[in-house]
Amino acid sequence: MIIIRKALESDVQAIYTLRNRAIIEKCSGFYNSQQLALWTQGDISAVLINDIVDSFYVSLLNGKVIGCGKVNLETGMIDAIFVDPDYFGQGAAKLMLAFLERLALENDLELLTLESTLNAAGFYHACGFVGDEVSTYHSPRGISLDCIAMQKFL
């Protein structure tokens, strides 16, 4: 059974590893190799550690971190939903999204937004998000990627 809890500093390496694996394995048909390399390069920074500890949640299966996600409870922005490719199709992303939606509702948010990678847009549509227009996501790591801005009223 998958459970979700607040991320701890001890989860940082697992989150970083599964994020990079998910990007490389699941985004390769949608972004070029240079984009993927830039997106996944570098070390774990103090800024990333602080962000994970402050705002991330993790999905656990048998005590192992298999996914992550976060929601900004001031803006309603959903971000960083990643699942370890070994656990794709087991409901971890749907459970995380539902969890983040409940947090948003508990904090009186009425609208969620996100910038979906091209490969994940179908997933978000199936979860009730709307939006089809391709725009550009500017990553904190300094790369630009095509994405689809989406929203969902709660």
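Leaving ligands, DNA and RNA out of it, report the carbon-plus-sulfur percent of the accessible area of segment 63-152 at a 1.4 Å probe. Write out the running numbers ahead of the final one.
Details: 2250 of 4520 Å².
About 50 percent, which is the carbon plus sulfur part of the accessible surface.
On the protein heavy atoms, probe 1.4 angstrom, tell me the percent of accessible surface of segment 1-62 carried by carbon and sulfur.
Numbers: 1940 of 3480 Å².
So the carbon and sulfur contribution to the accessible surface is 56 percent.
Where the only charges are on Cβ atoms (+1 Lys, Arg; -1 Asp, Glu), what is the dipole of segment 29-129 about its Cα centre, to the nearest 20 debye? Don't skip to the end; give the middle numbers.
Working: 4 positive and 12 negative charges, 73 e Å.
Roughly 360 debye for segment 29-129.
Residues with beta-carbon under 14 Å from that of residue 134, excluding residue 134: net charge, scoring Lys, Arg +1 and Asp, Glu -1? Spell out each step's value before the answer.
On the way: positive: none; negative: 115, 132, 133, 146.
Net charge around residue 134: -4.
Does segment 34-79 come out rounded, prolate or oblate by the C-alpha gyration tensor, with a ≥ b ≥ c the root eigenvalues, rounded set by a/c under 1.5 and, if not, prolate when a/b is larger than b/c and oblate if not? Kindly include the intermediate steps, with their values, before the conclusion.
Numbers: a/c = 1.65, a/b = 1.18, b/c = 1.40.
Oblate, since a/c reaches 1.5 and b/c is not below a/b.
Using the Cα gyration tensor of segment 1-57, with a ≥ b ≥ c the square roots of its eigenvalues, what is the shape: rounded (a/c below 1.5), prolate (a/b larger than b/c) or oblate (neither)?
Values: a/c = 2.99, a/b = 1.56, b/c = 1.92.
Since a/c reaches 1.5 but b/c is at least a/b, the shape of segment 1-57 is classed as oblate.
Give the accessible surface of the chain per residue, rounded to a whole number of Å², with probe radius 1.4 Å and ligands, DNA and RNA excluded.
Details: 8220 Å² over 154 residues.
Heavy-atom accessible area per residue stands at 53 Å².
What Kirkwood radius, in Å to one decimal, follows from the Cα pairs of segment 93-138? Don't jump to the answer; show the numbers that get you there.
Working: mean 1/r = 0.0854 Å⁻¹.
Across segment 93-138, the inverse of the average 1/r is 11.7 Å.
Which of rounded, prolate, oblate describes segment 55-108, given a ≥ b ≥ c as roots of the alpha-carbon gyration tensor eigenvalues and a/c under 1.5 marking rounded, otherwise prolate only if a/b is larger than b/c?
On the way: a/c = 2.29, a/b = 2.19, b/c = 1.05.
It comes out prolate by the Cα gyration axes.
Could you point to the residue in 22, 7, 46 farthest towards the positive end of segment 1-65's charge dipole, with +1 and -1 charges on the Cβ of Lys/Arg and Asp/Glu respectively?
Towards the positive end, the residue furthest out is 22.
Once phi is turned into ³J(HN,Hα) by the Karplus curve 6.51 cos²θ - 1.76 cosθ + 1.60 with θ = phi - 60°, what whole-Hz value does each residue of segment 24-37 show in order, with x for glycine and proline?
With the stated coefficients, segment 24-37 comes to 5, 7, 10, 9, 5, x, 10, 10, 7, 4, 5, 4, 4, 5 Hz.
What value, in deg cm²/dmol to 500, does the helix sum -39500 (n - 2.57) over DSSP H runs of n ≥ 4 give at 222 nm once divided by the residues of the chain? Write down the numbers at each step before the final one.
Values: 5 runs with 54 residues, N = 154.
The per-residue figure over the chain is -10500 deg cm²/dmol.
Remind me, what semi-axes does segment 62-148 give for its equivalent ellipsoid, largest first in whole Å, using sqrt of 5 times each Cα gyration tensor eigenvalue? The partial results should precede the final answer.
Values: eigenvalues 78, 65, 36 Å².
Semi-axis lengths for segment 62-148 are 20, 18, 13 Å.
List, in order, the whole-Hz ³J(HN,Hα) value for each residue of segment 76-84 obtained from phi through the Karplus relation with A = 6.51, B = -1.76, C = 1.60 and θ = phi - 60°; use x for Gly and Pro.
Each residue of segment 76-84 in turn: x, 7, 8, 8, 6, 7, 10, 10, 4 Hz.
Within segment 65-132, report the chymotrypsin sites (Phe, Trp or Tyr not before Pro) that DSSP leaves as loop and that have at most 16 other Cβ atoms within 10 Å.
Passing sites in segment 65-132 are 88.
Long-range amide H contacts for residue 7: which residues qualify at under 5 Å (H placed 1.01 Å from N, peptide plane, sequence gap of 5 or more or a different chain)?
HN-HN under 5 Å from residue 7: 56, 57, 58.
With bins 10 Å wide starting at 0, give me the P(r) of the chain over every alpha carbon pair, in whole percents.
Each 10 Å bin holds this share of Cα pairs: 11, 41, 40, 7, 0.
³J(HN,Hα) across segment 88-98 via Karplus (A = 6.51, B = -1.76, C = 1.60, θ = phi - 60°), whole Hz, x for Gly/Pro?
Once θ is set to phi - 60°, the couplings for segment 88-98 become 4, x, 9, x, 5, 5, 5, 5, 5, 4, 4 Hz.
Test of understanding: in a Gaussian network model of the chain with alpha carbons linked when under 10 Å, which of 127, 68, 27 would top the mean-square fluctuation ranking?
Sorting by GNM fluctuation, first place goes to 127.
The values are calculated or read from the model by the stated rules, or taken from the named source; none is laboratory data. Being a predicted model, the structure only gives us computed values, none of them experimental. As a convention, Cβ positions derive from the backbone with ideal geometry for all residues, glycine included, and neighbour counts pool all protein chains shown. Calculation scope for accessible area: heavy atoms of the full protein, side chains included, ligands and nucleic acids excluded. Shrake-Rupley method; radii C 1.70, N 1.55, O 1.52, S 1.80 Å.
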